[in-house]
Amino acid sequence: MTGKVEEALGYEQARDELIEVVRRLEAGGTTLEESLALWERGEELAKVCRRWLDGARARLDAALADEEAEDGREEGGDD
């Protein structure tokens with residue numbers, strides 16, 4: 001079910017919907033079919049959140065690596 005709709009979801013939107021899915025599952029009172037559908041939706045939303053977090057981590061790692069490389073050039077360039 002991952003498609004353009006899931007790709008268009010921002011992290012906060014996906015997280016908030018995932019929280020609602022979990023709340024509904026924990027509350028109970030749904031049929032087996034509804035519970036399975038909610039579970040599947042929750043799995044997809046968790047994947048969207050994970051992609052956002054992985055992307056943010058990669059950007060942060062790249063920025064830190066650039067900063068370390070810059071610091072290394074500044075220290076070595078003053079000799």
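The values are calculated or read from the model by the stated rules, or taken from the named source; none is laboratory data. The model shown is predicted, which means the values in this text are computed figures rather than measured ones. For neighbour counting, all protein chains shown are included, and Cβ atoms are generated from backbone atoms with ideal geometry for every residue, glycine included. The area values use the complete protein model at the heavy-atom level, side chains included, leaving out ligands, DNA and RNA. Shrake-Rupley method; radii C 1.70, N 1.55, O 1.52, S 1.80 Å.
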Heavy-atom accessible area per residue of the chain, all protein chains kept, 1.4 Å probe, expressed in Å², is 80 Å²
With all protein chains present, the chain has a carbon and sulfur share of its accessible area (1.4 Å probe) in percent of 53 percent
Other residues with Cβ under 12 Å from the Cβ of Asp66 give, with Lys and Arg +1 and Asp and Glu -1, a net charge of -3
Measuring from the longest principal axis of the C-alpha atoms of the chain, the long axis of helix 11-27 (C-alpha) lies at a number of degrees, nearest 10, equal to 30 degrees
With Cα coordinates, the longest principal axis of the chain makes an angle with the long axis of helix 32-77, in degrees rounded to 10, of 0 degrees
For Rg and Dmax of the Cα atoms in Å the list reads (i) 20.3, 73; (ii) 12.2, 36; (iii) 20.2, 79; the calculated value is entry (i)
Over the chain, the sum of -39500 (n - 2.57) across DSSP H runs of at least four, divided by residue number and rounded to 500 deg cm²/dmol, gives at 222 nm -30000 deg cm²/dmol
Per GNM of the chain with C-alpha springs under 10 angstrom, the most fluctuating residue out of Glu67, Glu12, Glu40 is Glu67
